[in-house]
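S.K.: The structure is given below, and queries will be raised subsequently.
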Amino acid sequence: MSFNNYTPFVVSSLLLYITYKIIAMWYNDLRPDKELINDKYALIMLDSEDEYRRMMSDADKNRTMTNLLALRQGLRDHIPKKTVDTNLLLCSWNIKNFGTLKDRTVESLFYIAEIINAFDIVAVQEVNRNLDDFKKVLRVLGSHWKYTLSDVTEGSSGNDERFGFIYDSRRVIHSGLSGEIVISPELIDENPIISQLKRTPTFTGFESGWRKFSIVSVHLHPGNGPLNKAIRKEEVRLLMEILKKKLKSSAFENRNMIILGDTNLYEDDEDIVKLITDQKFVESDGLKGKFTNTSLNQIYDRVFLNVDTYFKIATNDDGTEKGGVFNLFDYVYKNSAAEITKYHTLMLEHKDDPSTLISDAKFKSYFNKYWKRNQMSDHLPIWLELQTESSDEFLINKLRWF
């Protein structure tokens with residue numbers, strides 16, 4: 001492009017525009033109105049029901065940017081860096097009723113996008129029929145972020161849910177394998193408790209470098225007590241029967257398989273876990289035993305791997321696999337009086353009967369039990385760092401044959 005025929009003002013405006021497009025497209029909605037005279041078309045967070053007005057006040061933007069800085073620092077402190085050709089960051093996150101909760105704020109969508117951006121593949125559970133928020137998050141992330149989505153599981157037991165994968169196409173690609181796991185009639189017992197998993201799991205393939213692998217994303221039946229446990233156990237039994245056949249029939253290079261998601265497994269569900277481990281799936285020790293719900297009292301979200309010798313989880317100096325739970329509430333929607341006060345007005349608008357919010361104690365209780373969980377989730381993101389480069393191990397292993 002030649003700028004010879006343009007005035008200095010036009011040239012400077014073009015350069016400013018290009019700079020913003022390259023480095024700040026993510027945060028366009030956080031810019032002041034005066035910077036957007038010619039760029040309003042680039043905004044994402046607009047209210048389609050109110051003449052497409054901007055959905056963030058200056059106070060909202062200020063609060064969001066302050067919290068984003070803290071969140072970004074927290075992610076840098078706790079999540080490994082992405083390195084070219086050597087690692088892949090895998091995350092699983094149940095984002096509560098993603099698409100159904102109508103009072104989820106624009107502010108929260110920025111936080112959700114920021115967390116997703118720290119990883120390479122994010123398996124998302126509880127994506128609902130309405131994809132407006134999902135698509136806004138994708139636009140905030142940028143065009144190099146791609147996704148796959150299953151259809152909604154119909155019927156009341158499906159809870160209007162689907163499964164999604166959001167992935168950075170610069171780091172990993174979709175292999176082309178994509179499907180839902182449906183139970184064949186031959187596997188179903190007489191007088192069954194269930195004939196299908198209540199939320200149909202997805203089975204999706206990915207490639208990164210010379211790594212090929214498939215991920216089965218699940219959201220198993222919740223609840224404690226004998227009946228709920230029996231349903232969950234039957235879901236796992238049926239699932240493992242299907243996966244056992246897939247592992248035997250897959251091409252050798254495609255047999256790396258990962259099961260992850262919201263398993264709703266309780267401490268006394270060891271017999272259910274054994275159904276998985278009996279098929280040579282191993283739970284990552286970087287995650288084992290770590291609480292994954294917002295209340296920090298249950299280990300609902302898990303990752304199990306059945307992979308070959310060269311498919312490795314990165315390790316710390318002590319040999320522990322790199323993985324963990326990211327507690328986002330240490331950085332956003334923090335449980336402090338000053339932070340809770342910032343959301344009093346929004347909580348009053350959110351609550352069905354706002355007249356009950358009559359004291360700081362009531363606001364604090366509502367904030368922790370409902371508000372922050374409906375803004376983000378009642379689950380925390382879990383993650384693993386996968387090692388994508390193992391040339392030395394491969395060469396050493398093959399050298400032994402000669």
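The values are calculated or read from the model by the stated rules, or taken from the named source; none is laboratory data. What you see is a predicted model, and the numbers here were worked out from it, not measured in a lab. Positions of Cβ are backbone-derived with ideal geometry, glycine not excepted, and every protein chain shown enters the neighbour counts. We work out accessible area using only protein heavy atoms, side chains counted, and drop any ligands, DNA or RNA first. Shrake-Rupley method; radii C 1.70, N 1.55, O 1.52, S 1.80 Å.
S.K.: For the chain, give the magnitude of the charge dipole about the Cα centre (Cβ charges: +1 Lys/Arg, -1 Asp/Glu; no others), in debye to the nearest 20.
M.R.: Dipole of the chain, to the nearest 20 debye: 700 debye.
S.K.: Also, I was wondering about something else. Of all GluC sites (Glu not before Pro) in the stretch 209-299, which ones are in loop regions per DSSP and have a Cβ with at most 12 other Cβ atoms within 10 Å?
M.R.: The qualifying sites are E267.
S.K.: How large is the charge dipole for the stretch 75-156, taken about the Cα centre, if only the Cβ atoms of Lys, Arg (+1) and Asp, Glu (-1) carry charge, to the nearest 20 debye?
M.R.: Using only the charged Cβ atoms, the result is roughly 180 debye.
S.K.: Further question on the same structure: Among N256, H344, F329, which residue has its Cα furthest toward the positive end of the charge dipole of the stretch 253-402, with +1 on Lys/Arg Cβ and -1 on Asp/Glu Cβ?
M.R.: H344
S.K.: Taking all protein chains together and a probe of 1.4 Å, list L399, L177, L43 from the most accessible to the least accessible.
M.R.: Putting L399, L177, L43 in descending order of accessible area: L399, L177, L43.
S.K.: Along the charge dipole of the stretch 177-251, Cβ charges K/R +1 and D/E -1, which of P226, S178, T200 sits furthest on the positive end?
M.R.: Of P226, S178, T200, it is S178.
S.K.: I've got another one for you. Please calculate how many Å² of accessible area the chain carries per residue, with a 1.4 Å probe and no DNA, RNA or ligand atoms counted.
M.R.: About 50 Å² of surface per residue is accessible.
S.K.: Assign unit charges at the C-beta atoms only (+1 for Lys and Arg, -1 for Asp and Glu), then state the dipole size of the stretch 281-396 relative to its Cα centre in Debye, rounded to the nearest 20.
M.R.: Approximately 800 debye in magnitude.
S.K.: Which ³J(HN,Hα) values in Hz, rounded to whole numbers, follow from the phi angles of the stretch 211-225 under the Karplus curve 6.51 cos²θ - 1.76 cosθ + 1.60, where θ = phi - 60° and Gly and Pro get x?
M.R.: Once θ is set to phi - 60°, the couplings for the stretch 211-225 become 7, 10, 7, 10, 10, 9, 9, 10, 9, 7, 4, x, x, 8, x Hz.
S.K.: Could you tell me the distance between the Cα centroids of the stretch 274-316 and the stretch 340-358, to the nearest Å?
M.R.: 39 Å
S.K.: Calculated from DSSP H runs of 4 or more alone, at -39500 (n - 2.57) each and per residue, what is the 222 nm mean residue ellipticity of the chain, nearest 500?
M.R.: So the calculated ellipticity at 222 nm is -9500 deg cm²/dmol.
S.K.: Of the listed values (1) 24, 46, 26, 4, 0; (2) 26, 56, 17, 1; (3) 24, 54, 20, 2, 0, grab the one calculated as P(r) over Cα pairs in 20 Å bins from 0, in percent from the structure here.
M.R.: Structure-derived value, by its label: (3).
S.K.: Positive end of the charge dipole of the chain (Lys, Arg +1 and Asp, Glu -1 on Cβ, about the Cα centre): tell me which of T388, H78, L243 has its Cα farthest that way.
M.R.: Working it through, the farthest residue towards the positive pole turns out to be T388.
S.K.: Over the chain, what percent of the accessible surface lies on carbon and sulfur atoms, probe 1.4 Å?
M.R.: The C+S portion of the solvent-accessible surface of the chain is 53 percent.
S.K.: Check which residues have an amide H placed less than 5 Å from I313's amide H, if you skip close sequence neighbours.
M.R.: Answer set, sorted by chain and number: Q387.
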